[in-house]
Amino acid sequence: MTLDRDAFYIDGGWAAPVGSNLLQVVSPHSEEVVATVPEGSAGDIDAAVAAARRAFDEGPWPRMSPAERIAVIEAFSGLYAARLGEMADLITLEMGSPTSFSNLAQAPAPWMQIEAFLTIAREFPWESTRVGNLGTPVMVRHEPVGVVAAIPPWNVPQFTIMSKVVPALLAGCTVVVKPAPETPLDTYLMAELLQEAGVPAGVVNIVTAGREVGEHLVSHPGVDKVAFTGSTAAGRKIAAICGQQLKRVSLELGGKSAAIVLDDADLAKTIEGLKFTALMNSGQACVAQTRILASRANYATVVDALAQAVGAMVVGDPADPATEIGPMVAQRQQERVEKYIALGQEEGARIVTGGNGMPEGLDTGWYVRPTVFADVDNSMRIAQEEIFGPVLSVIPYDDVDDAVRIANDSDYGLAGTVWTGDQEAGLDVARRVRAGTYGVNTYTMDFAAPFGGFKASGIGREFGAEGLGQYTELKSVYLEG
Ligand code: NAD
């Protein structure tokens, strides 16, 4: 069965592209073209925004009751749940996520998000009345923010689309999604499911395109809000445009998170946990905790255990269920990670496992060897910059205060963990690290709670009632007593 496509999902149907450029979806494992899809141009974005605008200004969706919209999203959730395996396979094919991760997170987590948002929407105070300070009633309404531009990255495509599209839809907004050029295939399946669920025409529109066309969408006068996940560099550009136009904007950006290993941590459990929190999705994760902080007393033990565990991880074909580390998404990403591995050596850090060169037994595919650096100082570029690959830095600390200081010595503030035998001591650290999410002996995202970044990791929050609220405007209606 071919995965090739020749149209965009616009206004509830399949629209021929304005231009004739094609995007090739290339398997990061085989380096072969697995599908071609149209590449969107400014004209396609204009058509998508016009459809979304019409659906918002004149269509039924924003005028339906929250309960009516919830019923449609419930139907979508049921359809989505039935296709999780297919979704996982598409994502593994297009961007090389190990199938174990695709079946654990890439497909099921978006579905869990839908369910979590449904629960929140059923209880959400869409319209409430309070007694004001004049003693008279005031009605406070959550109204939809309008036409939303949703711009996701390639690393967790459905995860970052659903975190925007579902709350936007529940709030009564209409949406234009611009998927990353590396990962269009999952969005075609999503479009089919939205259509089948009965989401009205123009409420969701999807045009895959690159950066320049993405910027056209961001600055489009028909768009009321931009919801972006991606690099901090692109986030700054998008925020500048939105600032100029006074558009609502939420930004989920990069990270360089730290995992703090306290001396009383259970070492085996900690190393198992770190393999996941630092290296999930082959290290291509915004929340990856790639700075491992260990006390000077415990340093050699942590470095040895980590080197052994990471060195033993299975690297290879992402379609193989045994694979723990797959290829990088693209050749440019492989080159970027290799440059950082070389840079770490130049900066004086010591490789204890991995290093540059293809992993054993592989001669095609954009692979890198999972690498652990010891003797890393937090001022080194490998400790400050987001590498976005399987490269870890183990950094020594003097005491807990020093560990917290190092964790906070970063432009970013997205995530983090502390590993300890004492939950209270862990909570104390959690309170002191400036990051949007934090885990004590675990890092499992919970979609009932807000997620997002401090500092250069972003503005705004996704998930939870707070994440739904980002798609609403508040209106106060003053009433007579
Ligand atoms: P990227 O910023 O290059 O691209 C992200 C998306 O934005 C793509 O769809 C791209 O086409 C588009 N884009 C890029 N520049 C744009 C512009 N000026 N105007 C409009 N659209 C533009 O990032 P990437 O390489 O695809 O993704 C990796 C980055 O995403 C990492 O920095 C990672 O940390 C971050 N990320 C963050 C989160 C989070 O929730 N905080 C989640 C996943 C990924």
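Any read-out appearing in this document is the output of simple, stated calculations on the displayed coordinates, not a laboratory observation. The model shown is predicted, which means the values in this text are computed figures rather than measured ones. For neighbour counting, all protein chains shown are included, and Cβ atoms are generated from backbone atoms with ideal geometry for every residue, glycine included.
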query: Among 52, 166, 23, whose Cα lies farthest out toward the positive end of the dipole of the chain, if unit charges sit on the beta carbon of Lys, Arg (+1) and Asp, Glu (-1)?
result: 52
query: Any idea which of 259, 113, 128 is furthest toward the positive side of the dipole for the chain, if Lys and Arg beta-carbons carry +1 and Asp and Glu beta-carbons -1?
result: 128
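How would you rank 216, 29, going from fewest to most other Cβ atoms within 10 Å of each one's own Cβ?
Working: 216 19, 29 23.
Ascending Cβ contact count within 10 Å gives the list 216, 29.
What's the ranking of 472-481, 298-307 by average number of surrounding C-beta atoms within 10 Å, highest first? Don't skip to the end; give the middle numbers.
Working: 472-481: 10.9, 298-307: 18.3.
Ranked from most to least packed, the peptides come out as 298-307, 472-481.
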- request: Give the order of 65, 163 when sorted by the count of other beta carbons within 10 angstrom, beginning with the fewest.
  value: 65, 163
statement: Rounded to 0.05, the calculated FRET efficiency for the beta carbons of residue 297 and residue 428 at R₀ = 22 Å is 0.65
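Express the relative contact order of the chain as a whole percentage, based on alpha carbon pairs under 8 Å and six or more residues apart in sequence. Walk me through the intermediate numbers first.
Values: 1101 pairs, mean separation 90.4, N = 481.
It rounds to 19 percent for the chain.
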- prompt: Which parts of the stretch 453-481 would a label at residue 136 reach, counting a residue when its backbone N lies under 11 Å from a point 7 Å out along Cα-to-Cβ?
  reply: 478-481
field: CD proxy at 222 nm, helix term only [per DSSP H run n ≥ 4: -39500 (n - 2.57); per residue of the chain; nearest 500]
entry: -12000 deg cm²/dmol
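So how strong a dipole does the stretch 369-481 carry about its Cα centre when Lys and Arg Cβ are +1 and Asp and Glu Cβ are -1, to the nearest 20 debye?
Numbers: 9 positive and 18 negative charges, 71 e Å.
For the stretch 369-481, the charge dipole is close to 340 debye.
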task: Figure the gain on full extension for residue 36 and residue 246 (residue separation times 0.36 nm, minus the Cα-Cα span) and round it to one decimal in nm.
output: 71.9 nm
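Cross-chain or 8 or more residues apart, Cα under 12 Å: how many lysine pairs in the chain fit that? Count them up, please.
Details: 164/178; 164/225; 225/247; 256/455.
Counting lysine pairs in the chain gives 4.
Kirkwood Rh, Cα Rg: Rg to Rh for the stretch 353-481? Show your work: numbers first, answer last.
On the way: Rg = 20.0 Å, Rh = 17.9 Å.
Over the Cα atoms of the stretch 353-481, Rg/Rh equals 1.12.
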- prompt: So, in nm, how far is label residue 473 from label residue 83 when the simple model puts each one 7 Å beyond its Cα toward the Cβ?
  reply: 3.3
- prompt: Got a sec? How would 404, 33, 207, 226 order by Cβ neighbour count within 10 Å, fewest to most?
  reply: 33, 404, 226, 207
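Using alpha-carbon pairs under 8 Å, 6+ residues apart, how would you state the relative contact order of the stretch 374-481 in percent?
On the way: 131 pairs, mean separation 20.1, N = 108.
Relative contact order of the stretch 374-481: 19 percent.
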query: P(r) for the stretch 47-165: what percent of alpha-carbon pairs falls in each 10 Å bin, starting at zero?
result: 12, 31, 31, 18, 6, 2, 0
Dipole axis of the chain (+1 Lys, Arg; -1 Asp, Glu on Cβ), positive-most option in 144, 367, 406: 144
- request: Give, as a single signed number, the net charge of other residues whose beta carbon lies under 12 Å from the beta carbon of residue 113, with Lys and Arg counted +1 and Asp and Glu -1.
  value: -2
query: In whole angstrom, how far apart do the alpha carbon centroids of the stretch 431-481 and the stretch 80-139 sit?
result: 14
field: Debye-sum result for the stretch 189-307 in log10 I(q)/I(0), which assumes one identical scatterer on each alpha carbon, at q = 0.22 Å⁻¹
entry: -1.18
- prompt: Is the shape of the stretch 420-481 best called rounded, prolate or oblate, per the rule: a/c under 1.5 gives rounded, else a/b larger than b/c gives prolate, else oblate, with a ≥ b ≥ c the square roots of the Cα gyration tensor eigenvalues?
  reply: prolate
